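A short write-up of the structure that comes next.
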There are 2 protein chains.
Amino acid sequence: MNYEPVNLQEKFGRFSDRWAPKIIAQLNDYQIKLVRVKGDFVWHDHEETDEVFIVIAGKLRIDFRDGQIFLKEGELFVVPKGVEHKPFAETECEMILIELAGTVNTGNAGGDKTAPTDVWI
Amino acid sequence: MNYEPVNLQEKFGRFSDRWAPKIIAQLNDYQIKLVRVKGDFVWHDHEETDEVFIVIAGKLRIDFRDGQIFLKEGELFVVPKGVEHKPFAETECEMILIELAGTVNTGNAGGDKTAPTDVWI
């Protein structure tokens, strides 16, 4: 077996593009991904999975149809499956995402922020 | 819906016992847990799930039958299902665990470090 730790900062250092999640680990049929975000995302939901956000650096706002949440470094939130949400970051935010493998970042919303689901770093 | 962030440090501040994982979030049928560890754990495996370790503070060594790994703050490792392992921390280590809900910390090994699987904080 390969006994190499996955270092979060080292992995963040390998990419600079935004809204394009990178897979760093797999847990059964779930994946742990890193993503950089800045600005406004699109309204979307994930019909097949809850989605965990953990903020590693910066701040994130997530808008919901009936409210919003503000997350800062060291804070976590679970967006339930089927709940529409729209992330926003005024300045760049680094996050961990945890969700079912194959989850598309934009759900069924499509658009130019839709990223591949199979990129490991 | 309840739009309250889960703050990792605030949650760690709520308990001081060791080797007793506390649930802070649920993602479908998976749970995110916090745990404090120090000293030697027992050899065990989890037949039903991979297990993610993320070190938040301190250092962790995980022994395997054919090697070992050293994790420090900001590092992650996935122990595959069925692989025997034994965590060890020389000084106190704070970690996130991610695994299937209901996973017993000692697997089938039993003993006095076996903790309840349903404690939320």
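For the range A:95-117, the condition of being of a type outside the set (Val, Ile, Thr), out of contact with any Phe, Trp or Tyr (no Cβ under 8 Å at 6 or more places or on another chain) and part of a strand (DSSP E or B) holds for none of the residues.
Against the criterion of being more than 28 Å from B:ALA101 (Cα to Cα) and at the interface with another protein chain (Cβ under 10 Å from one of its Cβ atoms), A:GLY110 does not qualify. The residue list B:LYS59, B:LYS22, B:LYS33, B:LYS38 contains one member that is among the basic types (Lys, Arg) and closer than 24 Å to A:LYS59 by Cα, which is B:LYS33.
Criterion applied to A:ASP40, A:ASP63 was being closer than 18 Å to A:GLY107 by Cβ, in contact (Cβ under 8 Å) with a residue 40 or more places away in the chain and not aliphatic (A, V, I, L, M), and the one residue passing it is A:ASP40. Of the strands (runs of 3 or more DSSP E) lying entirely inside the range A:1-65, those containing at least 2 residues that are exposed (fewer than 15 other Cβ atoms within 10 Å of the Cβ) span A:30-40.
Quick grid of which residues meet (1) hydrophobic (A, V, I, L, M, F, W, C); (2) under 30 Å from B:GLN68 (Cα atoms); (3) in contact with a Ser or Thr (Cβ under 8 Å, 6 or more places away or on another chain):
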{"site": "A:TYR3", "(1), (2), (3)": "no, yes, no"}
{"site": "A:VAL6", "(1), (2), (3)": "yes, yes, no"}
{"site": "A:ARG14", "(1), (2), (3)": "no, yes, no"}
{"site": "A:ASP17", "(1), (2), (3)": "no, no, no"}
{"site": "A:LYS22", "(1), (2), (3)": "no, yes, no"}
{"site": "A:ASN28", "(1), (2), (3)": "no, yes, yes"}
{"site": "A:GLY39", "(1), (2), (3)": "no, no, no"}
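Is it the case that some residue within the range A:24-36 is in contact with a Pro (Cβ under 8 Å, 6 or more places away or on another chain) and within 11 Å of chain B (Cβ to nearest Cβ)? Yes. When the range A:4-15 is filtered for residues that are farther than 16 Å from B:VAL78 by Cα and either in contact (Cβ under 8 Å) with a residue 60 or more places away in the chain or more than 14 Å from every other protein chain (Cβ to nearest Cβ) (or both), the ones remaining, listed by number, are A:PHE12, A:ARG14, A:PHE15.
Evaluated against (1) more than 9 Å from every other protein chain (Cβ to nearest Cβ); (2) farther than 15 Å from A:ALA89 by Cα, A:ARG18 falls short on exactly one condition, (2). Just wondering, is there one or more residues in the range B:66-87 that are in a loop (DSSP other than H, G, I, E, B), free of Cβ contacts under 8 Å to residues at least 60 places away in the same chain, of a type in the set (S, T, N, Q) and within 14 Å of chain A (Cβ to nearest Cβ)? No, because not a single residue in the range B:66-87 is in a loop (DSSP other than H, G, I, E, B), free of Cβ contacts under 8 Å to residues at least 60 places away in the same chain, of a type in the set (S, T, N, Q) and within 14 Å of chain A (Cβ to nearest Cβ).
No value in this document is a laboratory result; all are computed from the given coordinates. Computed from a predicted structure; not experimentally measured. A quick note on method: Cβ atoms are made from the backbone with ideal geometry, for glycine too, and the neighbour counts reach across all protein chains shown.
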